[in-house]
Amino acid sequence: MPVVPTQDIVDRAFRERYGVAAINVVNDLSMEAVLAAAEELRAPLIVQTSVKTVKSIGAGVLYAMWRAMADPLTVPVALHLDHCDERDVVTLCLENGWNSVLWDGSSMEYELNKAQCAEVVAEARPYGALVEGEIEGFKRTEEIGTADVELEQSLEACIEFIEATGVDVFAPAIGNAHGVYQKEPKLDNQRVTDIVEATGIPVALHGGTGMTPQQFADLVARGCAKVNISTALKIALMQSGYDFMTDNAGKYDPPSQFAVQREAVKAMAEEHIRMLGSEGKAW
Ligand code: 13P
C-alpha cells in the first residue's frame, strides 16, 4: 500500500536525517507529475494541498484523484493539508482521508492558537493523522524584499507550544519566507537544532523554493525532515505553459502543452528530491 501515514514518512526521514519533499500541487497534472518523480527516484513523498486548492477542486474530487494516482505506486506517499486556519476545512480533509494537516493559527493570539491546535491534535488522532503546528506566520518574499527576517517568537514559546499541543511536527520561522527570494535568505539554523534537542520532534522547513543545496543539507542534518516546496512548482507549471504558447503561437494544442508542463513539473520535483537526499529511500 503506497499511501502511508505521514508520520511514518517523517519519522523515518528524521531518524535517518534526510529530507522528504512536501510539494504543493494545484491540479491533476501537477499531482501526477510529482508522484511520477517520486516513483522514478524511489523516494517517499508528501503531496500538499492548500485550502484554496481544496476549495477550488472540492475535497471529494481531489481525494478520489489522489487515490486513483497514488494506489498504483510502489513508493510511500501521503496527502497533507498545508496552512489551514479554518476548522471546518481541517475536519473536511480528515474525514475525506488526508494523512496530515498544518494547523496554522499564526495570525491568532498565541494562547488561542495553542488551544485550537490542541483541539486539532485531538481531532486528528482517531484518524491516525499527523498534525503540524506553527506560531509565527511566514512572510512573503515580495514583502521582505532584500531585508533579513527578524524572528518574533522566542525558543521558549516554540517549546511551550509543542509540549502543550502535542503536535507531531513544528514549523518554526527561521528567517524563511514563501515565494522567490530576492537574495539568499539568512537563516537561523540553530533554532532548528534547539527545537529538536528540546522536544525530540521533527521540524518542517517552509519556503524551500530557492534555498541552496548547502542550506538544505545543513537544515536536514539538524532535523528538518519535511521540506515544503510550492513556488517552484507554480513556476515550472506556468512558465513552461507560457513558453509553449509563445513557441507555438496560433496553435492551440492542449495535450501537447500539458505534456510539456508535466515534464517541467516532474523535473522540478526530481531536482528537489535529489537535493534533499531522499532518492532511493522508499521502503
Ligand atoms: P515556497 O512557496 O517558498 O516554496 O514555500 C512553500 C511552503 O512553505 C508551503 O507551505
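Below, the figures for the structure above:
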| item | result |
| --- | --- |
| Residue list for region 141-165, restricted to those being open to solvent by 30 Å² or more (accessible area, probe 1.4 Å), touching a Lys or Arg at 6+ places or on another chain (Cβ under 9 Å) and at pLDDT 95 or above | L155, E160, A164 |
| Residue tally, condition within 16 Å of the ligand (Cβ to nearest atom), under 16 Å from S106 (Cβ atoms) and assigned to a loop (DSSP other than H, G, I, E, B), over region 153-205 | 7 |
| Pairs with Cβ under 7 Å, 6+ apart, first in region 187-209 and within 17 Å of Q48 (Cα to Cα), second more than 13 Å from the ligand (Cβ to nearest atom) and in a loop (DSSP other than H, G, I, E, B) | V203/G223 |
| In region 238-283, the residues that are over 30 Å from R12 (Cα atoms), hydrophobic (A, V, I, L, M, F, W, C) and assigned to a helix (DSSP H, G or I) | M238, F244, M245, F258, A259, V260 |
| Members of region 57-70 found to be more than 19 Å from the chain's Cα centre (by Cα), in a helix (DSSP H, G or I) and of a type outside the set (V, I, T), listed by number | G60, A64, A68 |
| Members of region 67-96 that are buried (at least 16 other Cβ atoms within 10 Å of the Cβ) and closer than 13 Å to V4 by Cα | A70, L73, V75, P76, V77, A78, L79, H80 |
| Count - residues of region 7-56 that are closer than 17 Å to V220 by Cα and open to solvent by less than 10 Å² (accessible area, probe 1.4 Å) | 13 |
| All positions within region 202-230 that are surrounded by fewer than 19 Cβ atoms within 10 Å (Cβ to Cβ) and β-branched (V, I, T) | T212 |
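Here is a yes/no grid of residues against (1) more than 14 Å from the chain's Cα centre (by Cα); (2) surrounded by fewer than 16 Cβ atoms within 10 Å (Cβ to Cβ); (3) free of Cβ contacts under 8 Å to residues at least 40 places away in the same chain:
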| residue | (1), (2), (3) |
| --- | --- |
| A232 | no, no, no |
| Q239 | yes, yes, yes |
| Y252 | yes, yes, yes |
| R262 | yes, no, no |
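The values are calculated or read from the model by the stated rules, or taken from the named source; none is laboratory data. Just so it is clear, the structure is predicted and the values come from calculations on it, not from any experiment. Positions of Cβ are backbone-derived with ideal geometry, glycine not excepted, and every protein chain shown enters the neighbour counts. Accessible surface areas use protein heavy atoms only, side chains included; no ligands, DNA or RNA. Shrake-Rupley method; radii C 1.70, N 1.55, O 1.52, S 1.80 Å.
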